[in-house]
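What follows is a set of notes on a single structure, which appears directly below.
The values are calculated or read from the model by the stated rules, or taken from the named source; none is laboratory data. For clarity, every value in this text was computed on a predicted model and none was experimentally measured. Virtual Cβ from ideal backbone geometry, glycine too; neighbours counted across all protein chains shown.
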Amino acid sequence: MILLDGKTTSSDIKDEITLEVLQLKKEGKKTPHLAAVIVGNNGASRTYVGAKVKACNRVGFLSTLIELTDDTTEASLLSKIDELNNNIEIDGFIVQLPLPKHIDEQKVLMAVDPKKDVDGFHPTNVGKMALNLPTFISATPYGILELLERYKVETSGKHVVVIGRSHIVGSPMSILLSQKRTVGNATVTITHSRTRNLKEITLQADIVIAALGIPEFLTEDMVKANVTVIDVGITRVEDTTKKSGYRLLGDVAFDEVSKKAAYITPVPGGVGPMTIAMLLKNTLLASKNNN
Ligand code: GUN
């Protein structure tokens with residue numbers, strides 16, 4: 001079994017980006033600048049956004065963190081987005097999801113200028129991605145493509161089973177892997193909560209991408225020998241033996257599935273760090289487009 005190490009790989013990518021930023025600075029070009037907006041007090045979201053800002057510092061980007069309270073109105077969030085769209089100092093920005101229930105997520109994502117949408121969530125960018133045109137590919141599926149590429153996991157002609165149809169992961173992942181691209185050309189089955197006989201389907205998979213958000217859902221009896229398993233899940237479960245009071249579990253029962261797998265991502269340290277590295281890559285691209 002080979003561990004698809006997202007921590008080391010993302011660190012390599014950050015080193016590559018650092019060199020590019022140094023070069024940009026040497027050429028007198030603008031330093032890439034990412035802004036992140038977070039609304040409310042969701043602990044996991046705050047951790048993720050904190051990690052994104054920290055990663056900006058590591059590669060030499062500028063970063064701006066905008067923290068808004070839980071009771072922020074939709075109108076005032078939209079006005080903040082308008083401000084960021086028009087601020088020439090900011091190359092790209094993200095609005096961390098989920099948003100409080102009183103805010104219409106779709107409306108917010110539609111308000112982001114597609115040229116600054118480094119999350120790749122705006123319909124314009126999702127459309128370009130679906131047509132295999134150059135655009136910002138959202139960070140989690142982009143990170144999975146990169147991880148498969150760097151570990152030379154063959155996807156062409158393989159059967160990929162994606163579990164989960166979210167707009168952030170399952171849906172774009174299934175589109176990208178079926179496309180004619182370096183990591184692609186796969187036969188893709190997308191499955192979800194209404195899928196019947198899921199186990200029959202996952203047992204046929206050369207590659208399983210688990211992105212449904214149920215801890216340890218994928219078990220050893222659901223995969224064939226030498227499968228490649230990508231675990232997108234990251235759920236906090238209470239654990240009183242930990243200082244934090246919780247531990248992180250993926251969607252894959254790692255201990256048993258890893259015995260059968262050829263390649264597998266750990267949680268934490270698999271897909272999560274890759275997502276951050278790819279957000280940086282998208283920000284670098286946004287900045288180059290601006291230069
Ligand atoms: N929430 C979970 N994943 C993401 C992501 O990739 N971007 C944003 N903005 N919010 C998220």
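Return yes or no: is Ile190 within 16 Å of the ligand (Cβ to nearest atom) and surrounded by 15 or more Cβ atoms within 10 Å (Cβ to Cβ)?
Against the criterion (within 16 Å of the ligand (Cβ to nearest atom) and surrounded by 15 or more Cβ atoms within 10 Å (Cβ to Cβ)), Ile190 does not qualify.
List the number of the failed condition for Gly92; all other conditions in (1) surrounded by 21 or more Cβ atoms within 10 Å (Cβ to Cβ); (2) within 15 Å of the chain's Cα centre (by Cα); (3) in contact (Cβ under 8 Å) with a residue 24 or more places away in the chain hold.
Here Gly92 meets the rest and fails (2).
Of Thr241, Thr275, Thr195, which residue is under 27 Å from Glu149 (Cβ atoms) and either within 16 Å of the ligand (Cβ to nearest atom) or hydroxyl-bearing (Ser, Thr, Tyr) (or both)?
Of Thr241, Thr275, Thr195, the one residue that is under 27 Å from Glu149 (Cβ atoms) and either within 16 Å of the ligand (Cβ to nearest atom) or hydroxyl-bearing (Ser, Thr, Tyr) (or both) is Thr275.
Return the residues of region 194-209 that are of a type in the set (S, T, N, Q) and part of a helix (DSSP H, G or I); say none if nothing qualifies.
Of everything in region 194-209, just one residue is of a type in the set (S, T, N, Q) and part of a helix (DSSP H, G or I), namely Thr202.
Looking at the structure I just gave you, is Arg247 under 23 Å from Ala55 (Cα atoms), surrounded by fewer than 16 Cβ atoms within 10 Å (Cβ to Cβ) and in contact with a Phe, Trp or Tyr (Cβ under 7 Å, 6 or more places away or on another chain)?
Considered against the rule, which asks whether it is under 23 Å from Ala55 (Cα atoms), surrounded by fewer than 16 Cβ atoms within 10 Å (Cβ to Cβ) and in contact with a Phe, Trp or Tyr (Cβ under 7 Å, 6 or more places away or on another chain), Arg247 comes out as no.
Quick one: Thr265 ticks every box in (1) over 30 Å from Lys26 (Cα atoms); (2) out of contact with any Asp or Glu (no Cβ under 9 Å at 6 or more places or on another chain); (3) of a type outside the set (A, V, I, L, M, F, W, C) except a single one, so which number is it?
With (1) over 30 Å from Lys26 (Cα atoms); (2) out of contact with any Asp or Glu (no Cβ under 9 Å at 6 or more places or on another chain); (3) of a type outside the set (A, V, I, L, M, F, W, C) applied to Thr265, the lone miss is (2).
For region 42-73, how many residues are surrounded by fewer than 16 Cβ atoms within 10 Å (Cβ to Cβ) and either in contact with an Asp or Glu (Cβ under 9 Å, 6 or more places away or on another chain) or on the phi > 0 side of the Ramachandran plot (or both)?
Count: 1.
Determine whether His122 is at pLDDT 95 or above and out of contact with any strand residue (DSSP E or B) (no Cβ under 6 Å at 6 or more places or on another chain).
So His122 passes the test.
Please verify whether region 246-254 includes one or more residues that are under 20 Å from the mean Cα position of the chain (by Cα) and β-branched (Val, Ile, Thr).
yes
Which of the residues spanning region 224-253 are farther than 23 Å from Gly143 by Cα and β-branched (Val, Ile, Thr)?
Val237, Thr240, Thr241
As an exercise: evaluate Asp70 against (1) under 19 Å from Lys116 (Cβ atoms); (2) free of Cβ contacts under 8 Å to residues at least 60 places away in the same chain; (3) over 17 Å from the mean Cα position of the chain (by Cα) and give the number of the one condition it does not meet.
(1)
Looking only at region 1-41, filter to residues that are surrounded by fewer than 19 Cβ atoms within 10 Å (Cβ to Cβ) and of a type in the set (Gly, Ala, Ser); which one of those is farthest from Val229 (Cα to Cα)?
Gly28
Out of (1) aliphatic (A, V, I, L, M); (2) in a strand (DSSP E or B); (3) away from the ligand (no atom under 16 Å from the Cβ), the odd one out for Leu24 is which?
Status for Leu24: all satisfied but (2).
Just give me the residues in region 233-291 being in a helix (DSSP H, G or I) and aromatic (Phe, Trp, Tyr), in sequence order.
Matches in region 233-291: Phe254 only.
Quick one: what pairs do we get from region 4-30, first residue touching a residue at least 60 places away in the same chain (Cβ under 8 Å), second of a type in the set (A, V, I, L, M, F, W, C) and assigned to a loop (DSSP other than H, G, I, E, B), C-beta under 7 Å, 6+ apart or different chains?
Hits for this filter: Val21/Phe61.
How many of the residues making up region 122-162 are among the β-branched types (Val, Ile, Thr), crowded, with 20+ Cβ neighbours inside 10 Å and in a loop (DSSP other than H, G, I, E, B)?
3
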